[in-house]
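The values are calculated or read from the model by the stated rules, or taken from the named source; none is laboratory data. Keep in mind the model is a prediction, meaning the values are calculated, not measured. In this analysis, Cβ positions are derived from the backbone assuming ideal geometry, glycine residues included, and neighbour counts consider all displayed protein chains.
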Amino acid sequence: MSIIKHKEQRVGVFIDAQNLYHTAKNLYNHKVNFGAIVKDAVAGRKLVRAVAYVISTESGDEKNFFDALTKMGIEAKTKDLQIFPGGAKKADWDVGLAVDAITMAPKLDAVVIVSGDGDFIPLVDYLQIHSGIQVEIASFGKSSSAKLKEVADDFIDLSQNPKKYLIGMGNQGNRK
């Protein structure tokens, strides 16, 4: 993948927070440093908007997390955790993230989707074909869809330097 990233490109970063949270927890047993990810995803270009799609639980324990995102310049869009009769739970922002990326596309030169979820392949295809913009993926390569990595214009593998993208794993000077 050979793409050009220049400082005048307008970038939107769309973060599937649940995907990254669970991946980091399962692979490394650490929390994600979203500030470091956004910084590297933007890569010195013009950040138009960074949005993290997050789930609110009944306990409301995530307020500090939402505040931390805001301090990093990341907008948090929240949705309540759905609990169905019988105890099944659903927490999904895929459609909301896709709609926002498509809506913002006319104002952007590059979209960065921070997720390894293969469900975003149709979104990548749509943005590339219909909007003509560069679509980049940032996620932990060890748990990312191979097809998603393949269709993206660029793939930032967070697994190549987990200490940089995880909290409490070293490189604390990189934390925002």
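Of the strands (runs of 3 or more DSSP E) that lie entirely inside region 23-118, those containing 1 or more residues that are of a type in the set (Ser, Thr, Tyr) span 46-56, 75-80.
What residue, among those in region 64-119 that are more than 18 Å from Ala50 (Cα to Cα), surrounded by fewer than 17 Cβ atoms within 10 Å (Cβ to Cβ) and charged (D, E, K, R), is modelled with the highest pLDDT? Out of the qualifying residues, it is Asp119.
If you filter region 126-145 down to residues that are within 17 Å of the chain's Cα centre (by Cα) and either in a helix (DSSP H, G or I) or at pLDDT below 95 (or both), you find that the one that is nearest to Ala101 (Cα to Cα) is Leu127. Give Lys39, Lys5, Lys25 a once-over and let me know the one that is of a type in the set (D, E, K, R), surrounded by fewer than 21 Cβ atoms within 10 Å (Cβ to Cβ), out of contact with any strand residue (DSSP E or B) (no Cβ under 9 Å at 6 or more places or on another chain) and closer than 22 Å to Phe140 by Cβ. Sole residue among the options that is of a type in the set (D, E, K, R), surrounded by fewer than 21 Cβ atoms within 10 Å (Cβ to Cβ), out of contact with any strand residue (DSSP E or B) (no Cβ under 9 Å at 6 or more places or on another chain) and closer than 22 Å to Phe140 by Cβ: Lys39.
Scanning region 57-73 for residues that are closer than 23 Å to Leu108 by Cβ and of a type in the set (Phe, Trp, Tyr) turns up nothing.
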